[in-house]
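Okay, structure first, notes after.
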Amino acid sequence: MSESSKLEEIRVAAVEDIQKLKVHSHLNLELIEEVRVKYLGRNAGLICILKNLSQLSPDVRPQVGKIANETRKMIESEISALRDNLVRIQENQKLVSEKIDVTLAGRTHDLGSFHPVSLVISKTEEIFARMGFGVEEGPEIENEFYNFEALNIPKNHPARAMHDTFYVSQNVVLRTHTSNVQIRVMQNKKPPLRFLSAGATYRHDTLDVTHSPMFHQMEGLCVDEKVSLSHLKGVLTAYLQAFFGDKTKVRFRPSFFPFTEPSAEVDISCVSCSGKGCRMCKESGWLEVLGCGMVHDNVFRAVKYNPQKISGFAFGMGVERLAMLKYQISDIRLFFENDVRFLKQFRTAL
Ligand code: PHE
């Protein structure tokens, strides 16, 4: 076969292979390289012809050389065009897949908020801290001794019935108030004492707008030599005016608790009508906020303190009740349903 017809065969085969590459659906650089090596590699027919040109007779050499060179150039340029094209397509695909929409709005981080019960407790602790009160804790599951007996509420005392107690077992109850902490702290520490203690309390009440079988109380105790009723009035008035606003009027009404003598209930001027009379205060102008009194001698005896030498005052208040008055919330159940639409309204601290 003549060199010219060999060249023609190579050219036809190369054009065909290159055409296949052009329409290949998964073209890659390796496939292109295979075709390049097949036609332009060291052992390719075309390259051998070019290498051996000098051995051809002078009458065909120029013609064969010309065609061989043209064929090589044609294949080279087709291959490099294919390669350039493929690289460009791959770059475009990369650009599209890595595209970032810089106009897209950023993701916001939702901020949590404190539960109103926590807000009232921390605000109250803060106000009392300024008056030298620390913070103490006590158990929610409690012996009857701490919840009742030591607080001058002996067995069969009518006050026990008022407390609607949950019994865990004989002599063990879910505390009905935070007053148990008074006893536990006095048993363990010597006067002077000044502290606040907040936490959950339990009573066998049916859930309704103002009652919940679990609620929170804050207890305060101040014990020292010569603590008087005027200290009690001064401290509670200062607290209530700091909490509800300095225009708030405060009044003390005689009352009864077994563990304090004398005892009082404290009212503030209505947060809604400032005392004029409205639905919230049932036209009275006043809202009851807490119970308090001078620590009963029997309570001091129960913790082996000498009532001749020391005296003290105590108070207890409902956290949900304070929060309801402060934020004008009408239903106690809202505190325990954990509806975020309710909770997120308390984002800003008191
Ligand atoms: N423990 C009382 C109650 O739960 C409140 C109180 C505490 C009253 C301390 C006087 C002194 O109702």
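The values are calculated or read from the model by the stated rules, or taken from the named source; none is laboratory data. All values derive from a computational prediction rather than experimental measurement. Methodologically, a virtual Cβ is constructed for each residue, glycine included, from the backbone with ideal geometry; neighbour enumeration extends over all protein chains shown. Only protein heavy atoms, including side chains, enter the accessible area calculation; ligands, DNA and RNA are left aside. Shrake-Rupley method; radii C 1.70, N 1.55, O 1.52, S 1.80 Å.
Some points to look at:
- Measuring nothing but protein heavy atoms, the accessible surface of the range 223-315 at 1.4 Å probe radius is 51 percent carbon and sulfur.
- Kirkwood hydrodynamic radius of the range 1-118, from inverse mean 1/r over distinct Cα pairs, in Å: 18.3 Å
- Cα-centred dipole magnitude for the range 13-102, charges only on beta-carbon of K, R (+1) and D, E (-1), debye, nearest 20: 320 debye
- Whole-number percent relative contact order across the range 221-350, with pairs defined as alpha carbons under 8 Å at least 6 apart: 24 percent
- Helix 3-23 axis, angle to the chain major axis (alpha carbon atoms, nearest 10°): 20 degrees
- Counting only DSSP beta bridges whose two residues both lie in the chain, roughly 95 percent are antiparallel.
- The chain: angle of helix 61-97 to the longest principal axis, Cα-based, in degrees nearest 10: 10 degrees
- For the chain: span of alpha carbons on each principal axis (Å, largest first): 140, 46, 38
- Accessible area per residue for the range 176-335 is 45 Å², calculated with a 1.4 Å probe on protein heavy atoms, without ligands, DNA or RNA.
- Measuring nothing but how far apart in sequence close Cα pairs (under 8 Å, 6+ apart) lie, relative to its length, the chain scores a relative contact order of 15 percent.
- When both the range 90-163 and the range 177-202 are represented by their alpha-carbon centers, they are found 20 Å apart.
- By the Kirkwood approach, averaging reciprocal distances over each pair of separate Cα atoms, the range 161-232 gets a hydrodynamic radius of 14.1 Å.
- Compared with the dominant principal axis of the Cα atoms in the chain, helix 29-40 is inclined by about 10°.
- The range 210-283 gives an Rg/Rh value of 1.00, both radii derived from C-alpha positions and Rh following Kirkwood.
- Peptides 105-112, 83-90, 234-241 ranked from most to least packed give 234-241, 83-90, 105-112, packing being the mean of other C-beta atoms within 10 angstrom over each peptide's residues.
- Checked against a 19 Å cut-off, the cross-linked pairs Lys155/Lys189; Lys282/Lys344; Lys249/Lys282; Lys22/Lys99; Lys20/Lys94 give Cα-Cα distances beyond that limit for Lys155/Lys189; Lys282/Lys344; Lys22/Lys99; Lys20/Lys94.
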